[in-house]
Amino acid sequence: MPPPVDAQQRTRRVEAVPGTAFGIVHLEVPPATSGLAVGGLIAGIASIVVSFVVLCFGLVGAQEGWGAWAAGAFTVLAVSAGVAGVALGILARRQIRQVAPASSMRFQGKGLASAGLVCGIVGLAIALLAFLAAVGLQVAA
């Protein structure tokens, strides 16, 4: 029995094998979402979330003298996630932009890659500003 119609892939082209009754079927490969783009978006969002943790620790611990230390530790994490979001976003945009032959894997997700890039940059900016604010508050206290 042949497989159901919805389970069959569409044929891109068929090449005859010379001297035989057989042929080579080239199937259409649907595009896949880039894993780099998804990873970049996740890292960028994590950078923003951890940046707000930096801000909270900086504000809460400024009077007791431990705010800048805790904010600094989380700033390292936020900056690492932000750099990862930016790097993965750039790599994903490069991967998506590549022109691939018809029979190979094509990637989609340019919006995800761009969002990861922007979230990574925003997370870096918030983390650095929050850390500078935490140090300033602790010095002033």
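For the stretch 80-115 and the stretch 10-40, compute the distance between their C-alpha centroids and round to whole Å.
21 Å
Given axes a ≥ b ≥ c from the Cα gyration tensor, I'd like to know whether the chain is rounded (a/c under 1.5), prolate (a/b larger than b/c) or oblate.
prolate
Show me 107-116, 10-19, 59-68, 77-86 ranked by packing, highest mean number of other Cβ atoms within 10 Å first.
77-86, 107-116, 59-68, 10-19
Calculated from DSSP H runs of 4 or more alone, at -39500 (n - 2.57) each and per residue, what is the 222 nm mean residue ellipticity of the chain, nearest 500?
Value at 222 nm, helices only, nearest 500: -22500 deg cm²/dmol.
Return one whole number: the accessible area per residue of the chain in Å², for a 1.4 Å probe.
62 Å²
Which of the listed residues, A32, V76, P18, is farthest toward the dipole's positive end in the chain, when Lys, Arg count +1 and Asp, Glu count -1 at the beta-carbon?
Looking along the dipole axis, the top candidate is P18.
Please list 43-56, 24-37 highest first by mean number of surrounding beta-carbon atoms within 10 Å per residue.
Packing proxy ranking, top to bottom: 43-56, 24-37.
For F107, what residues show an amide H to amide H distance below 5 Å, using hydrogens built from the backbone and excluding near sequence neighbours?
Amide H neighbours of F107: A32.
Would you mind working out the magnitude of the charge dipole of the chain relative to its Cα centre, with +1 at each Lys and Arg C-beta and -1 at each Asp and Glu C-beta, to the nearest 20 Debye?
In total the dipole reaches around 500 debye.
Over the stretch 69-116, what relative contact order in percent results from Cα pairs under 8 Å that are six or more residues apart?
41 percent
Enumerate the calculated ³J(HN,Hα) couplings along the stretch 20-33 in order (Karplus 6.51 cos²θ - 1.76 cosθ + 1.60, θ = phi - 60°), each rounded to whole Hz, writing x wherever the residue is Gly or Pro.
9, 8, 9, x, 9, 9, 9, 8, 6, 9, x, x, 10, 6
Can you tell me, using C-alpha contacts under 8 Å and at least 6 residues apart, the relative contact order of the stretch 40-136 as a whole percent?
49 percent
Over the chain, with every protein chain in place, what whole percent of the accessible area is carbon and sulfur at 1.4 Å, could you tell me?
72 percent
The values are calculated or read from the model by the stated rules, or taken from the named source; none is laboratory data. Quantities reported herein were computed from a predicted structural model and do not represent experimental measurements. Cβ sites come from the backbone with ideal geometry, for glycine too, and all protein chains shown count toward neighbours. All accessible areas refer to the heavy atoms of the entire protein, side chains included, with ligands and DNA or RNA removed. Shrake-Rupley method; radii C 1.70, N 1.55, O 1.52, S 1.80 Å.
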